[in-house]
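Engineer: One structure, as structure tokens, below. Some questions next.
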Amino acid sequence: MKLLIVNGPNLNMLGIREKHIYGDRDYDALCRAIRQWADELGCEADIYQSNHEGDIVDRIQRAYSDGTDGIVINPAAYTHTSVAILDALKAVQLPAVEVHISDVTQREDFRQVSYAGMACVAHYIGLGFEGYHRAMEYLVNH
Ligand code: DQA
């Protein structure tokens with residue numbers, strides 16, 4: 001099984017940005033953890049990060065024909081604005097799971113809408129890096 005892990009803007013700044021919200025572990029640590037969970041779950045994980053909405057749409061579209069079985073996505077700020085990412089997830093018709101490191105439900109009003117989440121079959125919110133683990137487990141087991 002092949003999973004695509006998509007991370008949106010500013011997640012490459014983990015460990016630097018707003019540590020009181022996102023913690024002090026950096027993006028490399030997240031990627032290492034994802035690779036280790038993939039080994040344990042016996043799946044492949046292709047990890048992708050971009051700060052650009054169109055590039056994220058392109059990468060999701062590519063998943064339609066590159067053998068991807070499921071998508072774990074943390075669209076970051078684009079969660080709350082991007083109909084294009086929602087449409088891309090719907091277009092490829094692959095099971096997708098939404099992850100947020102912080103508990104967006106307890107944050108600002110503008111974070112209360114999730115467009116991408118409307119195309120997702122499960123949501124792990126506010127669990128830190130562990131949310132990615134749970135999302136991967138969900139896709140492997142369903
Ligand atoms: C985030 C939450 C978003 O609201 C925010 O814009 C991010 C990160 C999270 O993982 O908690 O960049 O997706």
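The values are calculated or read from the model by the stated rules, or taken from the named source; none is laboratory data. Please read all numbers here as calculations on a predicted model, not as lab measurements. Cβ placement follows ideal geometry from the backbone for every residue including glycine, while neighbour counts extend to all protein chains displayed. Surface accessibility is based on the protein's heavy atoms, side chains included, excluding ligands, DNA and RNA. Shrake-Rupley method; radii C 1.70, N 1.55, O 1.52, S 1.80 Å.
Engineer: Which residues' amide hydrogens lie under 5 Å from the amide hydrogen of Glu44, considering only partners 5 or more residues apart or on another chain, with H built in the peptide plane?
Structural biologist: Lys2, Leu3
Engineer: With a 1.4 Å probe and all protein chains left in place, how much of the accessible area of region 9-109 comes from carbon and sulfur atoms, in whole percent?
Structural biologist: 44 percent
Engineer: Out of Thr79, Thr68, Thr105, any idea which swings most in a Gaussian network model of the chain, alpha carbons joined below 10 Å?
Structural biologist: Result: Thr105 has the largest fluctuation of those listed.
Engineer: What is the ratio of the Cα radius of gyration of the chain to 2.2 N^0.38 Å, where N is its residue count, to two decimals?
Structural biologist: Computed over Cα atoms of the chain, the ratio equals 0.95.
Engineer: Once you've got the GNM for the chain with C-alpha springs shorter than 10 Å, pick whichever of Gly126, Gly54, Gly117 has the biggest mean-square fluctuation.
Structural biologist: Result for the chain, Cα springs under 10 Å: Gly54 fluctuates most.
Engineer: In addition: How big, in percent, is the set of alpha carbon pairs in region 51-116 lying more than 17 Å apart?
Structural biologist: In whole percent, the long-distance tail amounts to 39.
Engineer: Which of Ile125, Ile101, Ile21 moves most in a GNM of the chain, Cα contacts under 10 Å?
Structural biologist: Top of the fluctuation ranking is Ile21.
Engineer: Within 10 Å, at most 14 other Cβ atoms, and a DSSP state outside H, G, I, E, B define an exposed site. Report the longest part of the chain free of exposed GluC sites (Glu not before Pro).
Structural biologist: The answer is 19-107.
Engineer: Can you pull out the chymotrypsin sites (Phe, Trp or Tyr not before Pro) in region 30-80 whose DSSP state is coil and whose Cβ has at most 10 other Cβ atoms within 10 Å?
Structural biologist: none
Engineer: Just to confirm the filter: which trypsin sites (Lys or Arg not before Pro) across region 50-130 are DSSP coil and have at most 13 other Cβ within 10 angstrom of their Cβ?
Structural biologist: Arg107
Engineer: Please compute the per residue accessible area over region 1-140 with all protein chains in place, 1.4 Å probe, rounded to a whole number of Å².
Structural biologist: Dividing the accessible area of region 1-140 by its residue count gives 47 Å².
Engineer: So for the chain: antiparallel DSSP bridges make up what percent, rounded to the nearest 5?
Structural biologist: Of the beta bridges lying entirely in the chain, close to 0 percent run antiparallel.
Engineer: Still on this structure: How high is the relative contact order of the chain, given as a whole-number percent (alpha carbon pairs under 8 Å, six or more residues apart)?
Structural biologist: This gives 27 percent for the chain.
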